[in-house]
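First comes the structure, then the notes that go with it.
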Amino acid sequence: MEIIPFEMSRYEASYSLWAATPGIGLSASDSKEEIGSFLKRNPDLSFIALHGEEVAGTILCGHDGRRGYIYHLCVSPTFRHQGIAAALTEKSLENLRRAGIKKCHLFVLKDNSEGYDFWMHSSWHERPDLIVFSLET
């Protein structure tokens with residue numbers, strides 16, 4: 001398994017993986033244009049795990065100058081339970097630390113039990129004191 005920076009040439013394969021994975025919420029913000037813009041604003045933080053030429057996993061990561069945020073940590077069912085999700089996460093966190101970002105957040109959809117279990121069994125902590133509000137602008 002090779003972990004490489006997220007390249008837009010792999011967008012279609014990554015999007016297909018996201019779309020096929022229960023628990024990954026997709027919206028207009030996941031268009032090719034939006035993801036390209038996100039990557040430009042957040043260089044060196046998002047990665048793809050490759051098995052040969054196949055996209056086996058992805059992670060999108062960015063920050064606002066104060067806090068990091070992880071999106072679309074996703075591993076193909078064929079490659080799960082091999083440490084890929086943990087390796088992708090650590091790569092993003094390592095680069096957040098290099099950028100001076102000391103705290104990172106992520107969102108898990110309520111019906112994403114596999115994602116919830118992954119994060120609960122990692123060193124992450126659930127924040128029951130937060131409620132998220134969103135608005136389409």
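The values are calculated or read from the model by the stated rules, or taken from the named source; none is laboratory data. What you see is a predicted model, and the numbers here were worked out from it, not measured in a lab. Cβ: placed from backbone, ideal geometry, glycine included. Neighbour counts: every protein chain shown.
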Which of (1) more than 11 Å from the chain's Cα centre (by Cα); (2) surrounded by fewer than 21 Cβ atoms within 10 Å (Cβ to Cβ) is the odd one out, the single condition I84 does not satisfy? (2)
Before we move on, is K32 touching a residue at least 12 places away in the same chain (Cβ under 8 Å) and closer than 19 Å to S122 by Cα? no
Filter the stretch 4-21 down to the residues that are assigned to a helix (DSSP H, G or I) and under 24 Å from D111 (Cβ atoms) and list them by number. S14, Y15, S16, L17, W18, A19
Identify the residue in the stretch 1-13 that is modelled with pLDDT of 95 or more and more than 23 Å from I101 (Cβ to Cβ) and, among all such residues, is surrounded by the most Cβ atoms within 10 Å (Cβ to Cβ). Y11
